[in-house]
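S.K.: I am attaching a structure below and will ask some questions about it afterwards.
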């Protein structure tokens, strides 16, 4: 299943949903990934904009989720669009 998560709030909601489906409390999840319950609360609220990526990845792994990065159909940044086109051209050689 693929879910588009364009904001930190959407990421937090997805993590909260997965935690609840796993039957974990915020405190249990925090303990499993070696952080505080308050950190998990802020992550689930989407108020962790500057958070450490490694810790977010540990949370995702603990919940059986992964992070995939893929190009958008049409990048809005002209430089990104050019770079994507160059990558596509290289891949097709």
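The values are calculated or read from the model by the stated rules, or taken from the named source; none is laboratory data. Predicted model only: the values in this text are computed from it and were never measured. FYI the Cβ positions are ideal-geometry reconstructions off the backbone, even for glycines, and counts take in every protein chain you see.
S.K.: Please state which of the following conditions residue 24 fails to meet, knowing it meets all the rest: (1) over 14 Å from the mean Cα position of the chain (by Cα); (2) under 15 Å from residue 62 (Cα atoms); (3) outside any loop (DSSP other than H, G, I, E, B).
M.R.: Result: residue 24 fails condition (3) only.
S.K.: Among the residues of region 3-17, write down those that are touching a residue at least 24 places away in the same chain (Cβ under 8 Å) and not in a helix (DSSP H, G or I). It would help to see each step written out before you state the result.
M.R.: In the first step, residues of region 3-17 are kept if they are touching a residue at least 24 places away in the same chain (Cβ under 8 Å); the result is 7-16.
7 - this is the single residue of region 3-17 that is touching a residue at least 24 places away in the same chain (Cβ under 8 Å) and not in a helix (DSSP H, G or I).
S.K.: If I ask for residues that are surrounded by fewer than 16 Cβ atoms within 10 Å (Cβ to Cβ) and either in contact with a strand residue (DSSP E or B) (Cβ under 9 Å, 6 or more places away or on another chain) or in a loop (DSSP other than H, G, I, E, B) (or both), which ones from region 27-49 would you list?
M.R.: Of everything in region 27-49, those that are surrounded by fewer than 16 Cβ atoms within 10 Å (Cβ to Cβ) and either in contact with a strand residue (DSSP E or B) (Cβ under 9 Å, 6 or more places away or on another chain) or in a loop (DSSP other than H, G, I, E, B) (or both) turn out to be 34, 36, 47, 49.
Let's see how each residue does on (1) within 27 Å of residue 16 (Cβ to Cβ); (2) more than 13 Å from the chain's Cα centre (by Cα); (3) outside any loop (DSSP other than H, G, I, E, B); (4) modelled with pLDDT of 70 or more:
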residue: 55; (1), (2), (3), (4): yes, no, yes, yes
residue: 59; (1), (2), (3), (4): yes, no, yes, yes
residue: 70; (1), (2), (3), (4): yes, no, no, no
residue: 74; (1), (2), (3), (4): no, yes, no, no
residue: 86; (1), (2), (3), (4): no, yes, yes, yes
residue: 89; (1), (2), (3), (4): no, yes, yes, yes
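S.K.: How many residues are over 17 Å from residue 5 (Cα atoms) and either in contact (Cβ under 8 Å) with a residue 12 or more places away in the chain or touching a helix residue (DSSP H, G or I) at 6+ places or on another chain (Cβ under 9 Å) (or both) if we restrict to region 18-67?
M.R.: The qualifying residues number 22.
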